[in-house]
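The structure appears right after this line, and notes come after that.
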Amino acid sequence: MIFTVGAAAWIAVGIATHQSQLFYSNCFLAVVDLIWIWRWLGSRTRISDTAAAEVQRSQEPAAETLFSVTRVDGLPVYSPAGTIVARAVDVLITCRSGRIAYFIVRTGGVGGVGETLRRLPWDEISMTDAGICTRLSDAAVGRLPEAMSDPAADRTDSG
């Protein structure tokens, strides 16, 4: 989207300064950007609609209830007291068994500054329509192991 705005600005500069090459090249770039945005949004919409339909289908009596993993980013994690103790960031699934190992959650900080990424084990979680619930208190969530951005930093945990 930012590239389209930039192309529009350069188109205006090309018109104002009578630079036809600047005008035409940025018209082309704007068209390419708009086609890409249209295709990407269409793809994301189709994926979201399909996931939502499968979640709805799972609520039928004969099916197991499903939860779309793509919805997890930003979901609140509630303590037993009902307070938000973290926000989900990602879900990690084991390759061999295909089961969820843990959620990556962010705690503390504001707007990404001072936040800590932690590993919240699957067995400490229950899923609801409102979000993620954990049996852990705010203090216990704060003591969870940190998720490492550098795999070499934590060689003792083999998963």
Q.
When you scan segment 125-141, do you find a residue that is in contact with a Gly (Cβ under 6 Å, 6 or more places away or on another chain) and at pLDDT 85 or above, even just one?
A. no
Q: Kindly indicate the residue of segment 102-117 that is assigned to a loop (DSSP other than H, G, I, E, B) and in contact with a strand residue (DSSP E or B) (Cβ under 8 Å, 6 or more places away or on another chain) and also surrounded by the most Cβ atoms within 10 Å (Cβ to Cβ) among those meeting that condition.
A: E115
Q: Report the residue count in segment 66-101 for those that are part of a strand (DSSP E or B) and either among the acidic types (D, E) or in contact with a Leu (Cβ under 6 Å, 6 or more places away or on another chain) (or both).
A: 3
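The values are calculated or read from the model by the stated rules, or taken from the named source; none is laboratory data. This is a predicted model, so every value here is computed, not measured. Every residue, glycine as well, gets a Cβ built from its backbone with ideal geometry; the counts of neighbours run over all protein chains shown.
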